[in-house]
Amino acid sequence: MIQEIREHLLHKIIPFWESLRDDENGGYYGYVDHDLHVDEKAFKGCILNNRITWFFSSAAKLFLDERAGKVSSVNPPVSEEFIEELLDNAKHGFAFLKSACLDPVHGGMYWSVSYDGKPYDTTKHTYNQAFSIYALCSYYDVTRDEEALEIALDLYRIIEGRCRDEGGYLEAFDREFKPSSNEKLSENGVLATRTMNTLLHVFEAYTELIRVLAGVEIAEVFGCGGKSASVAPERQALVFELRERMDEIFTIFTEKMYNPEKHRMEVFFDHEYIPLIDLVSYGHDIETSWLIDRGCDVIRLVDAEIGTISSEDYVLLKKMEKIARDLSAAIYRTGFDGHSLPEECENGIVKTSRTWWMQAETLVGFLNAYQHDMSRSEYLEAVHSVWDYICEYQVDHREGSEWFHDLYEDGTPFEHQPIVEQWKCPYHNGRMCIEVIRRGVR
């Protein structure tokens with residue numbers, strides 16, 4: 001399977017997203033319809049473009065590590081020229097984030113810009129600031145471009161200074177960071193003040209930020225590579241501060257968002273973290289399970305580097321890891337049908353469509369669950385079954401395409417649904433490929 005996934009990354013996903021590079025106006029085209037027509041005048045989602053920047057940066061880092069022997073591969077390493085192309089695509093994305101998506105007046109990343117890089121939707125959303133940090137950290141990790149890290153730190157300061165209150169993280173703001181309505185991250189007929197989805201990706205972004213600040217190599221997170229570099233003296237205070245923020249997020253997850261009786265994360269909340277709806281988001285729960293483990297793994301390496309961990313820190317880490325085990329087990333038991341994962345369950349009614357990103361996260365989530373308990377062979381069987389389903393149904397086998405957005409329960413694609421839009425990106429399926437290759441489980 002690992003060889004198939006590597007080939008899929010090299011010959012399907014990477015070429016598709018390379019083909020959407022806009023060399024005239026910068027960034028990557030924002031819309032491809034179901035018939036594979038590229039709308040070169042469509043607005044460009046900043047989330048889409050920072051996820052593409054993340055993808056090319058992470059792919060370049062993967063293959064550089066592969067050439068350095070830090071990643072096991074069943075194939076000969078890719079060429080240096082190919083890696084340079086990936087790096088060039090990442091640099092192209094970074095340049096667009098800097099020149100078009102970043103607000104030079106009020107700071108922060110816009111929600112979207114026009115095809116030629118002018119502000120389009122100037123909403124500042126915590127979710128989008130977090131994804132920008134995630135992309136910039138990956139770009140810094142592979143290029144060591146200090147400007148990227150400084151922008152990431154500026155966005156971190158914006159989140160901490162403008163996008164939170166005493167209870168945690170808030171969501172939507174206007175261009176000047178005045179609170180606004182949160183339709184963009186609310187669904188199912190509710191308007192949420194706080195969401196699990198936003199907190200999850202703040203956590204994900206902070207995981208990467210503390211990792212690169214502490215000098216922890218991504219290969220080391222996977223048990224490869226040498227000892228991390230020491231934390232630079234000028235960054236020690238930031239690392240300690242981020243470590244405190246991570247504990248705060250752990251506490252919100254464990255005390256406010258995780259429902260131990262229902263073995264799930266609640267999704268939409270009011271200001272006081274009262275859930276607004278009876279909803280199981282299968283894809284977010286399985287994604288949360290492995291991102292929790294990634295965060296805990298990074299924190300343990302950082303704690304070893306900075307030489308301090310309290311008994312309270314240890315208890316929080318163990319609580320988080322217990323939640324990760326519970327979430328993956330619950331999804332396997334109640335959501336997974338043996339080959340794919342439906343979208344969600346609201347008030348006991350399952351929405352049976354199969355969404356592209358959920359299948360990618362299901363594969364990674366079950367692979368992660370198996371690696372944490374190899375006695376659970378059913379998880380590894382699920383990984384192979386999901387991959388077979390993806391290959392047969394989710395992948396769009398037309399020349400010049402990638403994956404279908406959504407499928408009906410019988411595996412047929414939704415009619416007229418785009419192949420690319422502001423949410424449809426290489427973040428989930430590209431990351432799935434990178435995770436499988438790095439983890440090396442066949």
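Filter the range 342-364 down to residues that are farther than 16 Å from Ala329 by Cα and among the β-branched types (Val, Ile, Thr) and give me whichever is surrounded by the most Cβ atoms within 10 Å (Cβ to Cβ).
Within the range 342-364, the match that is surrounded by the most Cβ atoms within 10 Å (Cβ to Cβ) is Thr355.
For the range 254-265, indicate whether the set of residues that are under 30 Å from Val436 (Cα atoms), in a helix (DSSP H, G or I) and touching a residue at least 12 places away in the same chain (Cβ under 8 Å) is non-empty. Before you say what the answer is, go through the steps one by one.
Keep residues of the range 254-265 that are under 30 Å from Val436 (Cα atoms), which gives 254, 257-260, 262-265.
Okay, now just the ones that are also in a helix (DSSP H, G or I), so 254, 257.
Restricting the remaining residues to those that are touching a residue at least 12 places away in the same chain (Cβ under 8 Å) gives 254, 257.
Yes: one or more hits.
Yes or no: the range 135-148 includes at least one residue that is over 22 Å from Val239 (Cβ atoms), of a type outside the set (Asp, Glu), free of Cβ contacts under 8 Å to residues at least 60 places away in the same chain and surrounded by 16 or more Cβ atoms within 10 Å (Cβ to Cβ).
Residues of the range 135-148 that are over 22 Å from Val239 (Cβ atoms), as a first pass: none.
For the range 135-148, residues over 22 Å from Val239 (Cβ atoms), of a type outside the set (Asp, Glu), free of Cβ contacts under 8 Å to residues at least 60 places away in the same chain and surrounded by 16 or more Cβ atoms within 10 Å (Cβ to Cβ): absent.
Quickly run through the range 309-337 and pick out the residues that are in contact (Cβ under 8 Å) with a residue 12 or more places away in the chain, out of contact with any helix residue (DSSP H, G or I) (no Cβ under 6 Å at 6 or more places or on another chain) and not in a helix (DSSP H, G or I).
Listed by number, the list holds a single entry, Phe336.
Condition first: touching a Phe, Trp or Tyr at 6+ places or on another chain (Cβ under 8 Å), farther than 28 Å from Asp326 by Cβ and basic (Lys, Arg). Now tell me which residues in the range 367-426 satisfy that.
Of everything in the range 367-426, just one residue is touching a Phe, Trp or Tyr at 6+ places or on another chain (Cβ under 8 Å), farther than 28 Å from Asp326 by Cβ and basic (Lys, Arg), namely Lys424.
Is it the case, given these coordinates, that Glu305 is at negative phi, modelled with pLDDT of 95 or more and not small (Gly, Ala, Ser)?
Spelling it out, it is not the case that Glu305 is at negative phi, modelled with pLDDT of 95 or more and not small (Gly, Ala, Ser).
Report yes if Asp388 is touching a residue at least 24 places away in the same chain (Cβ under 8 Å), part of a helix (DSSP H, G or I), within 30 Å of Val420 (Cα to Cα) and not β-branched (Val, Ile, Thr), otherwise no. Talk me through it step by step, then tell me what you get.
Working: touching a residue at least 24 places away in the same chain (Cβ under 8 Å): yes; part of a helix (DSSP H, G or I): yes; within 30 Å of Val420 (Cα to Cα): yes; not β-branched (Val, Ile, Thr): yes.
For Asp388, the condition - touching a residue at least 24 places away in the same chain (Cβ under 8 Å), part of a helix (DSSP H, G or I), within 30 Å of Val420 (Cα to Cα) and not β-branched (Val, Ile, Thr) - is met.
Which of the following residues is modelled with pLDDT of 95 or more and either assigned to a loop (DSSP other than H, G, I, E, B) or surrounded by fewer than 17 Cβ atoms within 10 Å (Cβ to Cβ) (or both): Glu287, Glu248, Glu234? Steps first, please.
Working: Glu287 fails: either assigned to a loop (DSSP other than H, G, I, E, B) or surrounded by fewer than 17 Cβ atoms within 10 Å (Cβ to Cβ) (or both); Glu234 fails: modelled with pLDDT of 95 or more.
Just one listed residue meets the conditions, Glu248.
The values are calculated or read from the model by the stated rules, or taken from the named source; none is laboratory data. A quick note: this is a predicted structure, and the numbers were derived from the prediction, not measured. Positions of Cβ are generated from backbone atoms using ideal geometry, with glycine treated the same way; all protein chains shown enter the neighbour counts.
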